[in-house]
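Here's the structure we're looking at; comments come further down.
The values are calculated or read from the model by the stated rules, or taken from the named source; none is laboratory data. For clarity, every value in this text was computed on a predicted model and none was experimentally measured. No Cβ is skipped: glycine too gets one built from the backbone with ideal geometry, and neighbour counts run over all protein chains shown. Accessible surface is based on the protein model in full, side chains and every heavy atom, while ligands, DNA and RNA are left aside. Shrake-Rupley method; radii C 1.70, N 1.55, O 1.52, S 1.80 Å.
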Amino acid sequence: MVRNLKENNLISYEEFKTNKEKYKFEIDFVSKSDLDLDRDSRDKLNLKKFSKKIDLRIGDIEVYILDLITKEKGISKSKFLRNLILEFGKTLKLDEKFEKDYFIKLKEYNYLFYQLESKRNEREELLKLRGTDKKTANKLYYKRTKLKFEIENLKSDLNQLKSFIERYEILFSD
């Protein structure tokens, strides 16, 4: 659970609250840049970004219908057209590459979700502990803060993967 910390220097949060005067010392602030966060996971995702732009030549009637549909569904025009294209893509025989890509990303999503849950649990356990001296308290603070930002990064990665998976689920659904 808590590595590199001596058990005799740790107390519960309840004990800390009852004896606050005994444990008065300053905690050193840690910024996000000081934490040495591992951001390789974002590079590993290698998701297909929305980088292509298509100009459409459509008339007033089509623009009016597109505006009505997107307002009614509460989505952007890009997302509506993307979904429409993917729906029509179902009828085509697509490369196996897309299906392999989809399953790889699905495995990555499940792995990142497992990591997120384990980091959340670890952080919750650390939140229940306090240090009896300044060194231990600072180590706990550092670990809790690092876990907080790792959790945020994992959430961001999961959201990106989720949007990727949702797009391709349209293709593979019956």
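I'm checking my understanding of the structure. Among residues of segment 149-174 that are open to solvent by 50 Å² or more (accessible area, probe 1.4 Å) and among the acidic types (Asp, Glu), which one is farthest from Ser51 (Cα to Cα)?
Asp174
Please go through (1) open to solvent by 90 Å² or more (accessible area, probe 1.4 Å); (2) within 30 Å of Lys17 (Cβ to Cβ) for Asp133 and return the number of the only condition it doesn't satisfy.
(1)
Which count do you get for residues in segment 73-83 that are closer than 16 Å to Lys52 by Cα and surrounded by 13 or more Cβ atoms within 10 Å (Cβ to Cβ)?
Number of matching residues: 6.
Do we find that Lys52 is at pLDDT below 85 and of a type in the set (Lys, Arg) in this structure?
Criteria met by Lys52.
Among the residues of segment 53-72, count how many are open to solvent by less than 90 Å² (accessible area, probe 1.4 Å), within 22 Å of Arg167 (Cβ to Cβ) and in a loop (DSSP other than H, G, I, E, B).
Within segment 53-72, residues that are open to solvent by less than 90 Å² (accessible area, probe 1.4 Å), within 22 Å of Arg167 (Cβ to Cβ) and in a loop (DSSP other than H, G, I, E, B) number 0.
Let me confirm something: among Ser31, Ser41, Ser12, which residue is modelled with pLDDT under 65, open to solvent by less than 80 Å² (accessible area, probe 1.4 Å) and polar (S, T, N, Q)?
Answer to the check: Ser41.
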